[in-house]
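The next block holds one structure in the form of structure tokens; read it before the comments.
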């Protein structure tokens, strides 16, 4: 059999195209488009903090990342020696657990010092809140009824947190899966270590999936390198978002179904059942759909039944059970659906699904625009050119249906959110896609292990991709860590606290500043030194401060609100 003499010929048999040239040309075109998209939306915006958070992060942070990517592509063209890259990839592939252990330590350092051990968005805070409740041995948190409107902003009392006024019960609106994963770490006083641990496990899982799919340890090394070198992976592993857990469970789910048996399908169903209740069902539903259809098309009915049975324990107990708990609280706290009414007798899970169904709509111009923005984020938060490499990996092995299923999971995940008329709000990278992000690393690894390194073109291509990955690891990740640190420091600086070892209450004017409404972080029971309350005016604030402590005194006043010491 004649050996391939060029990278393009190897990846695309019968074609004379130079895939190296196609890769760089495509990467430059996409990068310039992303840069142009960002610049277009920067025009006329003098202060990024006047824009909603999705656009703020895109035009303020992602602009510099897009410029850096263009620079990395230019430098990578000069790379010629593939030896160091291959050595690094093989070392990583042969020692994934050691790499994961080192990454865990690095993620922990980032979580504490760059992310400030701080749940920045309400998505993050509500999960941390629920983990605190679980860690205390309860299902539901409680606040004094008279403090509910001081501690929780009214717009959030039916979205991020569910409040029942008769008894002061408070519970997270989101599914409890990720809060449960966080609970042991919260109980130990190290909640910041949860996502670093999940991120480290994800590296091992991505390695295993690439190795099993490609029958190559080197593929596992490439997959880990692509993941570690992509800021979307590492920054999410330092945060309090559920994205890293979604990615891990998607990868394990895929691993179990690569060569399905009834036993593996049952295990996959249990993994999938927990993924459904991780935060919300859509990420797993969209990812898993192609694999479920595949089992039916292949008439793997025993595996399909085992898979379905596996979903029941977690999806039933944690999913339907949690929704019913939320429904009971809402009914108890609402004059509109009193207990015993017709609405209250309908299982809340059904009412919840009906409400979700009403949200889904055919995409309008705004939805299309923000999904394009999501694609831009997907590109600028990854190793330069990673999606193109993933496409090459699929093309080479497209006769193997498992590669097509991986691609299908990525496509259904991306397209599914066109039916949801919201941008992602806050988030690092394109978080609506993150449950399928591992597909990019695995398929890109599949492309790289098929590059003929004996040819000069192949060696140059490997060297260039290695330079891109190393440059992204060192420069892009460093840039993102600095950006995240600066953003959180600015956010926290909007409300100047006293020495946090002193008991104090900050009354925040949520109409001032940038998302200061998100700073109302309080955990039951209210035993921490610092309380955050909504400002109700000077007179009311003073009365509340003296109710909390007779000797309270006001120490700071600003446009943001007031700070009172309680000792």
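What to note about this one:
- Residue 54 over 30 Å from residue 198 (Cα atoms), surrounded by 14 or more Cβ atoms within 10 Å (Cβ to Cβ) and either touching a residue at least 24 places away in the same chain (Cβ under 8 Å) or assigned by TED's automatic domain parsing to the domain that holds residue 383 (or both): no
- If you go through the range 186-226 and pick out every residue that is surrounded by fewer than 19 Cβ atoms within 10 Å (Cβ to Cβ) and farther than 30 Å from residue 465 by Cβ, you end up with 4.
- Number of positions in the range 427-456 that are over 10 Å from the mean Cα position of the chain (by Cα) and either buried (at least 21 other Cβ atoms within 10 Å of the Cβ) or farther than 17 Å from residue 397 by Cα (or both): 18
- Residues considered: 521, 549. Of these, the only one that is more than 29 Å from residue 109 (Cβ to Cβ), outside the structural domain of residue 395 (by TED's automatic domain parsing) and in contact with a strand residue (DSSP E or B) (Cβ under 9 Å, 6 or more places away or on another chain) is 549.
- Unique residue being over 30 Å from residue 161 (Cβ atoms) and more than 23 Å from the chain's Cα centre (by Cα) when the list is 310, 269: 310
- Residue 491 being touching a helix residue (DSSP H, G or I) at 6+ places or on another chain (Cβ under 8 Å) and assigned to a loop (DSSP other than H, G, I, E, B): no
- Residue match in the range 533-543 (condition: within 18 Å of residue 148 (Cα to Cα), within 30 Å of the chain's Cα centre (by Cα) and surrounded by 13 or more Cβ atoms within 10 Å (Cβ to Cβ)): yes
- Summed over the range 49-80, residues that are closer than 20 Å to residue 369 by Cα and outside any helix (DSSP H, G or I) total 3.
- Test for residue 200: is it in a helix (DSSP H, G or I) and touching a strand residue (DSSP E or B) at 6+ places or on another chain (Cβ under 9 Å): no
- Residues of the range 404-426 that turn out to be surrounded by fewer than 22 Cβ atoms within 10 Å (Cβ to Cβ) and farther than 22 Å from residue 479 by Cα, as a count: 15
- Considering (1) surrounded by fewer than 21 Cβ atoms within 10 Å (Cβ to Cβ); (2) closer than 21 Å to residue 201 by Cβ, the lone condition that residue 103 does not fulfil carries the number (1).
- Residue count, the range 246-279 (criterion: assigned to a loop (DSSP other than H, G, I, E, B) and surrounded by fewer than 21 Cβ atoms within 10 Å (Cβ to Cβ)): 4
- Residue count, the range 541-567 (criterion: in a strand (DSSP E or B) and in contact (Cβ under 8 Å) with a residue 40 or more places away in the chain): 8
- Here 133, 171 are screened, and the one residue that is at pLDDT 95 or above and part of a helix (DSSP H, G or I) is 133.
- The single condition among (1) modelled with pLDDT of 95 or more; (2) on the phi < 0 side of the Ramachandran plot that residue 385 does not meet is (2).
- For the range 65-76, filtering for residues that are farther than 10 Å from residue 27 by Cβ and either over 21 Å from the mean Cα position of the chain (by Cα) or not assigned by TED's automatic domain parsing to the domain that holds residue 46 (or both) leaves 5.
The values are calculated or read from the model by the stated rules, or taken from the named source; none is laboratory data. Quick caveat, the model's predicted, so the values are computed rather than measured. Every residue, glycine among them, receives a Cβ derived from its backbone with ideal geometry; neighbour counts consider all protein chains shown.
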